[in-house]
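A.B. asks: Quick one: this structure, given as structure tokens, is what I'll be asking you about.
The values are calculated or read from the model by the stated rules, or taken from the named source; none is laboratory data. Since the model is a prediction, treat every value here as computed from it, not as a measurement. Here the Cβ is made from the backbone with ideal geometry for all residues, glycine too, and neighbour counts use every protein chain on show. Side chains included, ligands, DNA and RNA excluded: accessible areas come from the protein's heavy atoms. Shrake-Rupley method; radii C 1.70, N 1.55, O 1.52, S 1.80 Å.
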Amino acid sequence: MTDIMVWIWLGVMALAVFVEMSTMALVSVWCAVGALVCVFAAYLGASLQAQILLFVGVSILTAAVVRPLAKKYADPHKVPTNADRLVGMEGRVTETINNDYPTGAVYIDGKTWTARSVDGAVIPKGEMVEIERMEGIKLIVRAKAAVPAA
């Protein structure tokens, strides 16, 4: 029975690796790690129940610990740009920002950017705004509070 379980776990591991290589979505590599641990457990004579518990436990533990780190460093959708540095900076509205008529532009750091209001408020030309975030090539901005005269 030991030899059979070693081969079964090797098969599970190979299948998990194949699925991972096919998807590259970090969905089954954790099962491959669990199956590898079970190969050694089966070789050392652990019971079937112990092997299954090890498989489930190691797979979940590996996913819980390693997946957040792997996603952080291997996220294919996040493309860093130097434009991210604009977040938090101030700019001047060069075209009235009105989300209802998709209009608006802000001049900041030597460039004019398409802009939208974060809260839907109309921001007139000439006002100062703070950049909250970027969505594609649009700046999402908030009107700066007027500073009272001293």
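A.B. asks: How many residues does segment 1-44 contain that are more than 29 Å from LYS71 (Cβ to Cβ) and open to solvent by 50 Å² or more (accessible area, probe 1.4 Å)?
C.D. replies: 8
A.B. asks: Residues that are of a type in the set (Asp, Glu) and either modelled with pLDDT under 90 or open to solvent by 100 Å² or more (accessible area, probe 1.4 Å) (or both): does segment 72-79 have at least one?
C.D. replies: yes
A.B. asks: Further question on the same structure: Name every residue in segment 110-124 that is over 28 Å from the mean Cα position of the chain (by Cα) and either part of a loop (DSSP other than H, G, I, E, B) or exposed (fewer than 14 other Cβ atoms within 10 Å of the Cβ) (or both), in order of residue number.
C.D. replies: GLY110, LYS111, THR112, ALA121, VAL122, PRO124
A.B. asks: Quick one: how many residues across segment 125-147 are of a type in the set (Val, Ile, Thr) and surrounded by fewer than 16 Cβ atoms within 10 Å (Cβ to Cβ)?
C.D. replies: Residues flagged as of a type in the set (Val, Ile, Thr) and surrounded by fewer than 16 Cβ atoms within 10 Å (Cβ to Cβ) within segment 125-147 amount to 2.
A.B. asks: Tell me, which residue of segment 19-70 that is in a loop (DSSP other than H, G, I, E, B) and touching a residue at least 40 places away in the same chain (Cβ under 8 Å) is farthest from the chain's Cα centre (by Cα)?
C.D. replies: This residue is GLY45.
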